[in-house]
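Participant: For reference, the structure I am asking about is given below.
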Amino acid sequence: MKTEPTGNGGLAGLSAIKLPTSFPLVPEAQQELSKVNLYDTQFRSMVSRYTDQLEQTASKFISNKLEMEALQLIDDPLEKVRESIQKDCKNLIDEFTSSGRKITEEELERSRYQVALTAIKAQKRINYRESAEVSLDNLDVLRDQREEISCADQLESLLSTLEVDSATFETANNRLQLLQEHLFVTLNPESELPDAEDDDVAISGGKVSLICPISKRPMKNPVKITVCGHCFERTHILEFLQQSQGSGFCPECRTLFKKQDLIDDDLMKLRLEAHNRDLLILQYREKKSSQIGKKENGT
Amino acid sequence: MSSLCKSRLQEERKQWRKDHPFGFFAKPSKSPDGSLNLMYWTAGIPGKASTIWENAVYPITITFPEDYPSKPPKIKFPAGFYHPNVYPSGTICLSILNEEEDWRPAITLKQIVLGIQELLNNPNPDSPAQEPAWRAFGKDRPTYEKKVKEQALKYSK
């Protein structure tokens with residue numbers, strides 16, 4: 001981390017983007033601006049490139065394609081297949097995170113530049129005000145000064161439109177985190193998310209339960225009570241709520257909730273899909289290895 | 001019977017048959033026509049070893065309401081059962097079986113019967129359900145233990 005800009009003192013802290021040394025500053029400053037603009041474009045394209053790749057990897061894993069991959073590697077334990085996929089994903093995420101960090105640093109420089117520009121402009125304006133009465137002698141000087149100020153104004157407004165949209169970065173980060181979670185549960189449908197400090201999900205024996213606590217059967221359309229995080233089969237929690245006249249307590253922990261506190265639990269849904277996929281893979285593998293066994297016995 | 005109630009009870013039966021705590025039994029009753037009545041079960045709770053309740057299996061009946069598991073089942077010992085938290089009718093006073101208190105639809109049959117076994121030797125003096133056992137438990141422990149042991153003989157294995 002570099003030093004924070006503190007008023008005019010911050011000017012000295014600038015390094016990556018050099019401040020123009022003289023007015024009018026249009027040509028040099030515009031060069032700087034094009035640089036900022038470049039970062040911004042790079043950033044956006046990078047965000048979409050990496051997140052797209054990650055999404056593809058994640059959805060690919062759920063898809064039949066990957067099932068087939070796992071099946072073809074019939075001699076390798078499923079764990080090994082998962083490990084290699086997990087490694088690929090981790091590399092992608094690491095790369096993304098480090099690029100993201102670089103962009104954040106550049107963005108900090110850009111905002112310092114803006115602070116400096118404002119400071120210089122204010123200084124110029126004071127100079128302008130303090131200068132002598134308009135006379136034939138100083139008319140040219142005053143006009144130059146006024147031009148400089150309006151030039152700086154334009155520059156400033158341009159800068160602010162080029163601001164690396166911090167929301168872009170935040171959105172990307174959120175998307176990334178969601179992806180990491182999705183990826184994790186598609187690989188480990190019954191494991192608790194790493195670093196999950198709050199016990200959102202019912203855990204039995206270190207596993208996340210895929211069973212609806214009301215019917216005790218596997219869920220198909222899981223919904224979550226937002227206030228406590230417990231998860232149920234949609235029709236069952238709705239029936240339960242109806243029997244409790246619209247305002248009930250969580251069947252798992254007795255927290256009070258209303259119908260509008262129920263949302264689709266996409267992560268749980270993914271867990272269920274991934275779990276079913278694993279069952280299919282295991283079935284297929286068993287079938288295939290018994291076929292191989294028969295062949296060997298036959299010869 | 002709602003479909004939820006029915007499917008949950010079928011699941012409870014399946015789970016119980018697959019795995020249940022040692023010494024317990026629980027089964028749905030049979031209707032006159034021979035079919036199973038999932039709404040009404042009979043079960044047995046073994047007294048814990050090394051307690052005055054040991055060497056006996058205490059019979060209970062479990063009645064599931066139409067809106068189970070939203071509402072808890074009603075569980076009874078035989079009428080006149082000697083225990084501070086059992087009403088003269090045999091109905092058990094236990095917070096996890098009370099809708100207003102700690103009942104949650106997630107509670108399983110297994111958890112319920114284990115809870116009752118625990119209650120046998122650990123009565124709750126703050127919620128008396130019958131006069132004789134409650135008074136003896138608090139004021140005349142020798143009489144209490146004698147009565148409990150007599151009852152254990154009656155239900156001995």
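Participant: Could you tell me what fraction of 2.2 N^0.38 Å the Cα radius of gyration of segment B:3-154 comes to, as a two-decimal ratio?
Facilitator: Taking the Cα Rg and dividing by 2.2 N^0.38 Å, one obtains 1.07.
Participant: Next up: Loop-only trypsin sites (Lys or Arg not before Pro) in segment A:212-285, please: DSSP not H, G, I, E or B, and at most 12 other Cβ atoms within 10 Å.
Facilitator: Of the trypsin sites (Lys or Arg not before Pro), the ones in loops of segment A:212-285 whose Cβ has at most 12 other Cβ atoms within 10 Å are A:Lys220.
Participant: Starting with the highest mean, order B:34-40, A:175-181, B:105-111 by the number of other Cβ atoms within 10 Å, averaged over the residues of each peptide.
Facilitator: B:105-111, A:175-181, B:34-40
Participant: While we're looking at this one, here's another question. Taking K and R as +1 and D and E as -1, what net charge do the other residues with C-beta under 12 Å from the C-beta of B:Arg141 add up to?
Facilitator: Around B:Arg141, the surrounding residues sum to +2.
Participant: Of the listed pairs B:Lys74/B:Lys157; A:Lys80/B:Lys18; B:Lys27/B:Lys48; B:Lys18/B:Lys48, which have alpha-carbon separations greater than 29 Å here?
Facilitator: Checking Cα-Cα distances, A:Lys80/B:Lys18 exceed 29 Å.
Participant: Another question, if that's okay. When every alpha-carbon pair in segment B:43-128 is counted, what percent end up more than 23 Å apart?
Facilitator: 18
Participant: Looking at segment A:216-280, how many pairs of lysines come closer than 17 Å at the Cα, when each pair is eight or more places apart or spans two chains?
Facilitator: 6
Participant: Continuing with this model, one more query. Given the options B:Phe77, B:Pro21, B:Val113, identify the residue whose Cα lies farthest towards the positive end of the charge dipole of segment B:3-154 (+1 on Cβ of Lys, Arg; -1 on Cβ of Asp, Glu).
Facilitator: B:Pro21
Any read-out appearing in this document is the output of simple, stated calculations on the displayed coordinates, not a laboratory observation. Not measured: the values here are computed from a predicted model. For neighbour counting, all protein chains shown are included, and Cβ atoms are generated from backbone atoms with ideal geometry for every residue, glycine included.
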